[in-house]
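Q: Let me begin by handing over the structure; questions about it come next.
Read the figures in this text as sums done on the coordinates, not as results from a lab. Given the structure is predicted, the values throughout are model-derived calculations rather than measurements. Cβ placement follows ideal geometry from the backbone for every residue including glycine, while neighbour counts extend to all protein chains displayed.
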Amino acid sequence: MFSEIKAIVRKDMLLDMRSKENFISMLFFSLVILIIFNFALGSDTKIVTTVAPGIFWVTFLLAGIIGLEKSFLVEKENGCIEFLLLNPVDKGNIFLGKMAGNIIFSLWVQACVIPLFILFFGYHFHSEFLVFVIVTLLTILGFSALGTLLAGITTGLKFSGVILPLLLFPLLIPLLLASVKVTEGIFLQKSLEAYLDWLKLLLAFDLIFLVVSYLTFEFVMEH
Amino acid sequence: MLKHSRLIGFIALLSLGISAWMAFYWAPVEHSMGIVQKIMYIHVPASWVTFFAFSVIFFCSIAYLWKREEKFDVVAASAAEIGIVFCALSIATGSIWGKPTWNTYWTWDARLTTTLILLLIYAGYLLLRYFIDESDRRARYAAILGIIGFPDIFLIHLSVKWWRTLHQPSTMFSTKPTSVIDTTFAVTLWVSVLSFTLLFLYILLKRIELEKKNRLFQYKVSHMHT
């Protein structure tokens, strides 16, 4: 099982390491959005501080969509998906492999964006940095679970660039709300109890959609 | 059931008439809200039908993926279209009621927001159907969306409720002695809920009939020259 997932992840990483399309476009897209938000909000640091968690996660969603779109496009472009399906690989493992690939791209990008974000918005982390890392991981997991499933559905359709965010964003609202609230709690240095419920909601969202996406992905890949 | 659609339509019309009569002549004008409260006899049933329609989609989606019979896809597609109309009706009537009561047409309250997101999810569902040509693939993809959308509604509702809330809790199922509504109001509400459900069933049956004919027509057209 793990060798199959590993093979798919390795293939996706190798492809992108050669072209660097995904990583570079996601990173610079995030950067541009962060800067644009800063211009749009003006120089009032008080306003910027209150809305910063929202900006951070909206930036992530917008950049993450790019990675999701690419993830199945490479398969469908040259009919690679047919060959992938010809292999005696469990379809659930294809899902997990694809999802792991998306998670790795998002992690790369966030690893670059977080320092820049801290720099631009002037935050200082103390002991809560670990919680911030956990929130980031959980959000990326939930986003990739649901996103990989929907990207599998929408890639290759008419107007796929519009329909993917159109389907994904409303479904992701609990995830977005939870991660924004936890991040807000961390930035305002509230105690863990103040946002523990949100953290649980985030975890519940991840678990539910990891299972549901894993189970329904089989029907996406049918021929 | 398709054969009885005319009968169901007749009963729906009759009961809608009765509930209109009850709402305007039998149930008294509510004390604090005044005449505006009458819109609840549309708002509450419309919201109920919205939720009912989306449950129909959920169960038909599971049934389709399990049994692979086209009829489940036909029912889900029909229910989605009607559900979205009632969802919009529910938001519109709620908005009209909100202006004199909360002094605003729109507020980011938990239920209002959830209903709006519900509308967006199922608009996406219909768009997905619209963008894929008639096929087994379309039915599969739509069914997946119909399944994942349903549990999400509960998470959305929970999260938005924690986020902020203003809407009063549901009075119809309330057991708190202080908030129990007067019997005449309750009876009128239940009758209107029932008649809206019948109306939904009637439109659903008609829509299914239309969808079947349409698919048959498409099939015949595509096989005309072969």
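Q: Taking chain A as the reference, fit the longest principal axis to its C-alpha atoms, fit the long axis of helix A:129-154 to the helix C-alpha atoms, and give the angle between the two in degrees, 0 to 90, nearest 10.
A: Helix A:129-154 and the main axis of chain A meet at about 40 degrees.
Q: Could you pull out every whole DSSP H run in chain B that spans at least 27 Å of Cα extent along its own axis and averages 0.5 or higher on the Kyte-Doolittle scale?
A: TM-like helix candidates: B:40-67, B:70-102, B:110-131, B:136-163, B:183-222.
Q: Could you list A:Trp57, B:Trp162 in order of exposure, starting from the residue whose Cβ has the fewest other Cβ atoms within 10 Å?
A: B:Trp162, A:Trp57
Q: I'd like the distance between the alpha-carbon centres of the stretch A:202-216 and the stretch A:65-92, rounded to an integer number of Å.
A: The stretch A:202-216 and the stretch A:65-92 have Cα centres spaced 21 Å from each other.
Q: Once both labels are modelled 7 Å past Cα along the beta-carbon direction, what's the B:Arg137-B:Val85 spacing in nm?
A: For B:Arg137 paired with B:Val85, the spin-label model returns 3.1 nm.
Q: How do B:Leu118, A:Leu207, B:Leu155 rank when sorted from fewest to most other Cβ atoms within 10 Å of their own Cβ?
A: Taking fewest neighbouring Cβ atoms as first place, the list is A:Leu207, B:Leu155, B:Leu118.
Q: Across peptide B:115-126, what mean number of C-beta atoms from other chains lies inside 10 Å of a residue's C-beta?
A: 3
Q: Quick one: longest stretch of chain A between exposed loop trypsin sites (Lys or Arg not before Pro), exposed meaning at most 12 other C-beta atoms within 10 Å and loop per DSSP?
A: A:21-157
Q: Restricting attention to the stretch A:58-90, which chymotrypsin sites (Phe, Trp or Tyr not before Pro) occupy a DSSP loop and are surrounded by at most 14 other Cβ atoms within 10 Å?
A: The qualifying sites: there are none.
Q: Can you sort A:Ser43, A:Ser19, B:Ser195 by how many other beta carbons sit within 10 Å, fewest first?
A: In order of increasing Cβ crowding within 10 Å: A:Ser43, A:Ser19, B:Ser195.
Q: In degrees, nearest 10, range 0 to 90: what is the angle between the Cα axis of helix A:173-187 and the longest Cα principal axis of chain A?
A: Relative to chain A, helix A:173-187 is tipped by roughly 40 degrees.
Q: Measure nothing but the geometry: give the 0 to 90° angle between the long axis through the Cα atoms of A:192-220 and the longest principal axis through the Cα atoms of chain A, rounded to 10°.
A: Long axis of A:192-220 versus the principal axis of chain A: about 10 degrees.
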